[in-house]
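K.L.:
For reference, the structure I am asking about is given below.
No value in this document is a laboratory result; all are computed from the given coordinates. Please read these numbers as outputs of a predicted model, since none were measured by experiment. We place every Cβ from the backbone using ideal geometry, glycine too, and count neighbours over all the protein chains shown.
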Amino acid sequence: MPELPEVETVRRTLNALIAGKTISEVTVNLPRILQKPDDPAAFSAILEGRTFTTVERRGKFLRLLLDGVTLVSHLRMEGRYGLYRSEEPVEPHTHVIFRFTDGTELRYKDVRQFGTMHLFAPGEEWSAPPLNKLGLEPLSAEFTPEAFAKALGKRTTKIKPLLLNQEVIVGLGNIYVDEALHASGIHPERTADSLTKREKEKLYHAIIDTLNAAVEAGGSSVKSYVNGQGEMGMFQHRLRAYGRTGEPCDTCGRPIEKSVVGGRGTHVCPACQRAPRGTRQTLKAARGNAVKHRLDGKQ
């Protein structure tokens, strides 16, 4: 799923591609993409004749602003936008087409069909789903060390699933949580209330630095992600933990290990990110069993 850096990259490319373009017609090929209104005819009628002014972002959501209406779009797993000439063939899995008066088209393609679109009167999107319960925005002025520490509070939740909770901090997904935790030397199974003030500050700066670096690189094309111009991101070549199972840690040389935390595949360096005591014992036993299994298989 695209995370904050990927959605921010899409926002920037889309803004350059469609700002100032006026919609002449909207075609909806998959009605369930539409959440508000859920009727394709009503959705099209609201948008036709309106002009895109700018594209903004809130967490993993795009806010496409037009004169008199706001389109809130979530790409989910594999949703993508692209600008085409009207004579270009329409690719499979293209579910919504915004035709412009200049002969170009903004097409929304989604192989997995999980994306969503909501229309709101300007400003009303903040008080209704899906934006009304979102947490702190990491790349904003409101994201301060104090605000971050307050958001974590004294929760006994493990730090990784807490960071993935979009009602606490928005935009972070599996890739960048693993990267930020590795950069700050914090094990994902540590509970939020076990972190010291210094550890919280290190994690705060690691989140900002990781996200900024990923945005600068155009995001991570780990699976199918491309930006609004069909270009891949490059941050996957700079990942230090995520997806590097068995590879040496860039800091200490120990192999990166993969486990499951909060139902998500999780990548850690066992030396740089010391596990909580009970977790260390469980991991040690698991490694011993794995070694025994390999030895037994050779006999």
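K.L.:
Taking K and R as +1 and D and E as -1, what net charge do the other residues with C-beta under 13 Å from the C-beta of Leu66 add up to?
P.N.:
Counting the neighbours of Leu66, the net charge comes to -1.
K.L.:
Let me ask something else. Strictly over 29 Å apart at the Cα level, which of Lys36/Lys158; Lys109/Lys200; Lys36/Lys258; Lys60/Lys160; Lys109/Lys160 would you flag in this model?
P.N.:
Exceeds cut-off: Lys36/Lys158; Lys109/Lys200; Lys36/Lys258; Lys109/Lys160.
K.L.:
In addition: Antiparallel DSSP bridges in the chain: what percent, to the nearest 5?
P.N.:
90 percent
K.L.:
Is the C-alpha gyration tensor of region 4-127 telling us rounded, prolate or oblate? Criteria: a/c under 1.5 is rounded; beyond that, a/b larger than b/c is prolate, otherwise oblate.
P.N.:
rounded
K.L.:
Still on this structure, I have one more. Would you work out the charge dipole size for region 124-187 about its Cα centre, treating the Cβ of every Lys and Arg as +1 and the Cβ of every Asp and Glu as -1, and quote it to the nearest 20 debye?
P.N.:
Around 420 debye, computed over region 124-187.
K.L.:
Same structure again: What size of dipole, in debye to the nearest 20, comes out for region 4-127 about its Cα centre when the only charges are +1 on Lys and Arg C-beta atoms and -1 on Asp and Glu C-beta atoms?
P.N.:
For region 4-127, the charge dipole is close to 380 debye.
K.L.:
Can you tell me the order of 36-49, 144-157, 170-183 when each peptide is scored by its average per-residue count of other Cβ atoms within 10 angstrom, highest first?
P.N.:
170-183, 36-49, 144-157
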